[in-house]
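Quick notes on the structure that follows.
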Amino acid sequence: MDKTKAIQIIDATLREKGFEFIGPGACDYQGPINIHGKKVDIRISIPDVYFVEKARAQLLDRTQIPLETLAHVESEDGICYVSGAGLPLDIYQPGQAVLRILAEVERTLELSYRGRAGQEMIDEYQSYWRSSLSLRIFLPKSHENCTIDAFSFFAELNNNPLFIGIGEKKELRGYTTKHASPAQVWYFSRNIGPSNGITAPNSLAELEIWLHGQPLPPNTNWGKAEKLLIERGTLVLAAPNAVVGVSLILPTDLKTAMRRGSIRATKIREIVCRKKHEIMLNIYSGIWCSMKDLASRNYMDSASLHNKSIAIVGCGTIGSHLARMLVQSGAGVDGKLTLFDNQLLSAGNIGRHLLGFSAVGERKAVAVRNELERLHPQTNVFAVDDDALAKWDILKRHDIIIDATGDWNVQSSLNDGFLNERGDKLKGLLHSWVFMNGAAVQSFLNLGDGLACFRCLKPKFDGPWRYPAADEHNEINLQPATCGDGAYIPFSVDASTMAASLAARAALDWAAGKPGKRLRTVVVDLDRGRIQKPVSPQCSAHCPACTSSRETN
């Protein structure tokens, strides 16, 4: 819709509702809405007639709503009438869109009159603890009433403080950490919120009053909180509805005396307690930042890879993307993720690889590990820049090996090792490959449970695949690349990421104890690919790899 026409429609709609234009923006108005049968004046600003940028609404006179507790209003942007999911509006009906915004503002404020204000404030309670630096907590969440000792530190880059970290250690990989001090995290099983007339405390005295109204975990009390804060510690309160923290802003003379040791510890507490109404607080809004929590947000606990030991063989076009996906699914957190690849990244790899130009000439396994460590400081990844097949003793110490090479010889060799020498720990071998020059991608999981092995999918070396994902009579087109690049098979990067995604899904299903169909296929090129339904193949009587082991059994 034409922008000028949209502004005219918005103007007519708001004027009909009793609003008047006040500027300075093209769509800045003020006027009345009805809340609980009473007129309440608001200002509405519409900075974007396509409604990509949210319209803002603010109360003009707070006394028009005589409620002690009014939720959704005290934010910097005025009335919070939109949830995190957003408010879908029809840009081709700007008048109706504005009316819907007004309706949502009225509904939001009406909640306070219906007795929901207290609960609404508890739901949004963390937004009332505003701070210039946030707390980033690198400890795992807990749903039990308990306390955890930790450290607090300022995390900096280039002498610029970015956030306050809470973790088991005083260091954080990738950051300069300063001003480390003790911290405690108090885990609450019930919600916290305003208490004794205090929304968010500003002074030590208010904190004491506020804390007495909270559902404290066992073995915690005001005395322990006060002692920690006086010792320059940080107290973190982690509840289901909010994660907040506090520390003391001590007077300069008292800090100087403490630093010089010219005042006894017992005297310090006496002075602080005497001046608790004057001693202000740093209050913090906290967020969970442990890799375990970030990775498990999108999965049920049973589907996470966080406690699995995983080896990826091949850090190329499939393996590099797969490694990142697995880390984002919890691999390398409590468990172990090991990358195997002895090749260097070439310039020709960049078109399909996770890594960019700055990594050209580096060992792929090492460079991918470094990239994953940049993803999150708690990522625990190991790189082996050697021939994986020569390191079978290391490979078989993992729970599962994922072959991302797409190389027939490597696939066959890993399959043979899994069949004949996997030991007690290794439970699965997962292959992922691009089929027929990018026509499709496939993954295959072998759990050594009597079903087919990888070679059962193509038992005769010169014969056909049992479940081909493309026409095998259409030869793979090998195009020679630059010298040293070897043979290059052209296909687009979406095939690489689809193969990685297929393997990641299979790994998650395996971790959840529901491996499902072992052979999975996704067609990439709709003209050349062949659809294959997911299947769990039976062993082939002609398989040269597993026939002997079946006969022995």
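Quick note: the coordinates plus some simple rules give every number you see, no bench work behind them. Keep in mind that what you see is a predicted model, and the values were worked out from it rather than measured. Here the Cβ is made from the backbone with ideal geometry for all residues, glycine too, and neighbour counts use every protein chain on show.
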Cα centroid separation - the range 362-423 against the range 303-323, whole Å: 8
Relative exposure of Cys539, Cys453, judged by other C-beta atoms within 10 Å (fewest first): Cys539, Cys453
Selected from Asn370, Phe357, Met498, residue furthest toward positive end of dipole (the range 303-552; charges at beta carbon): Met498
In Hz, Karplus ³J(HN,Hα) per residue of the range 406-411 (6.51, -1.76, 1.60; θ = phi - 60°; x = Gly, Pro): x, 9, 4, 5, 5, 4
Met1 paired with Arg100, simple spin-label distance in nm, labels 7 Å along Cα-to-beta-carbon: 1.1
Under the Karplus curve 6.51 cos²θ - 1.76 cosθ + 1.60, θ = phi - 60°, whole-Hz ³J(HN,Hα) for the range 372-385, x wherever Gly or Pro sits: 5, 5, 6, 4, 7, x, 9, 5, 10, 10, 10, 10, 10, 8
Glu171 versus Lys17: modelled label distance in nm, points set 7 Å from Cα along the beta carbon direction: 5.8
Whole-angstrom gap from the range 182-250 to the range 134-163, using each part's C-alpha centre: 16
Estimated dipole of the chain in Debye, rounded to 20 [Cβ of Lys and Arg +1, of Asp and Glu -1, Cα centre]: 1260
Prolate/oblate/rounded call for the range 126-289, Cα gyration tensor, a/c under 1.5 rounded: oblate
Neighbour-limited loop hits for trypsin sites (Lys or Arg not before Pro), the range 200-283 (at most 13 other Cβ within 10 Å; DSSP other than H, G, I, E, B): Arg264
Normalised convex hull volume, the chain, alpha-carbon set, Å³ per residue: 230
Semi-axes of the equivalent ellipsoid for the range 1-72, Cα gyration tensor, largest first, Å: 26, 13, 10
Added length on full extension, which subtracts the Cα-Cα distance from 0.36 nm per residue, Asp48 to Ala180: 43.0 nm
Approximate spin-label separation Glu110-Asp525, in nm, with each point projected 7 Å along Cα-to-Cβ: 5.9
Rounded, prolate or oblate (a/c below 1.5 giving rounded, otherwise prolate when a/b exceeds b/c) for the range 381-451 by Cα gyration tensor: oblate
Potential lengthening between Ser131 and Asp407 on full extension [0.36 nm per residue; Cα-Cα distance subtracted]: 94.0 nm
Highest-first arrangement of 124-134, 519-529, where packing means the average Cβ count within 10 Å: 519-529, 124-134
Cleavage-rule hits (chymotrypsin sites (Phe, Trp or Tyr not before Pro)) in the range 184-224: DSSP loop, at most 11 neighbouring Cβ within 10 angstrom: none
Order of Trp465, Trp510 - criterion: other Cβ atoms within 10 Å of each residue's Cβ, fewest first: Trp465, Trp510
Length added when fully stretched, Ala390-Arg259, from 0.36 nm per residue minus Cα-Cα: 41.4 nm
Sites Asp61 and Asn202 - FRET efficiency at Förster radius 25 Å, r taken between beta-carbons, to 0.05: 0.50
